[in-house]
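Here is the structure we will look at, set down as structure tokens.
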Amino acid sequence: MPKSAKLSGIKSLRCYTISEAAGVTGVSDRTIRAWIKQGLTAMTDERPTLVRGDALISYIQRQRQGRRSRLSPDEFYCLKCREARKPAGGLVDCEKDGTRAKLTAMCETCDTIMHRPIAQERVAALNDVFDLTLRGEASETPKAGS
Ligand SMILES: [Zn+2]
């Protein structure tokens, strides 16, 4: 089970060696090295490699925010690019599905079809952001119970 990193002991103006950074955050040296490869800012020209406390803090905070919340309201997650992408031409199809709506668009970078589920009540707001085409309007009739 991966240990979650601790923020509380990190001093933002201090520089940490990899093992000091590992000690203060409670993860392994290997994890710190992996973070550096994945974009944690470090002074790799130094011997030993040093990581600034504030870089460590912001990296862990960004990690906690997670992938989901990185999408802006006008972005989709493209599975091919593996990044948040805007719809080509701002064109988005919106298909109603019960209380949810399914957005479909094409990645502006690689033309891959991207999907994004949203809550029905947010569709109106998206009309300002995208060139939205609504589909499934006819299925408004409530389903018969039991
Ligand atoms: Zn793409």
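The values are calculated or read from the model by the stated rules, or taken from the named source; none is laboratory data. The structure presented is a predicted model; accordingly, all values stated were derived computationally and were not measured. Cβ placement follows ideal geometry from the backbone for every residue including glycine, while neighbour counts extend to all protein chains displayed. With ligands, DNA and RNA removed, areas are computed over all heavy atoms of the protein, side chains included. Shrake-Rupley method; radii C 1.70, N 1.55, O 1.52, S 1.80 Å.
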From the options CYS94, CYS78, residue that is within 16 Å of the ligand (Cβ to nearest atom) and under 30 Å from ILE113 (Cβ atoms): CYS78
Within segment 43-85, work out how many residues are buried (at least 18 other Cβ atoms within 10 Å of the Cβ) and either in a loop (DSSP other than H, G, I, E, B) or outside the structural domain of ALA21 (by TED's automatic domain parsing) (or both). 3
So in segment 107-139, with the set limited to residues that are within 16 Å of the ligand (Cβ to nearest atom) and open to solvent by less than 80 Å² (accessible area, probe 1.4 Å), which one is modelled with the lowest pLDDT? ARG116
Output the qualifying pairs, or none if there are none: Cβ atoms under 7 angstrom, residues six or more apart or on different chains, first residue in segment 96-108 and in contact (Cβ under 8 Å) with a residue 12 or more places away in the chain, second residue in a loop (DSSP other than H, G, I, E, B). LYS96/GLY136; CYS107/LYS80; CYS107/CYS81; GLU108/LYS86
Picking from ARG52, ARG85, the residue that is among the basic types (Lys, Arg) and either at positive phi or within 16 Å of the ligand (Cβ to nearest atom) (or both) would be ARG85
Exception for ALA22 within (1) outside the structural domain of PHE130 (by TED's automatic domain parsing); (2) touching a Pro at 6+ places or on another chain (Cβ under 9 Å); (3) hydrophobic (A, V, I, L, M, F, W, C) falls at (2)
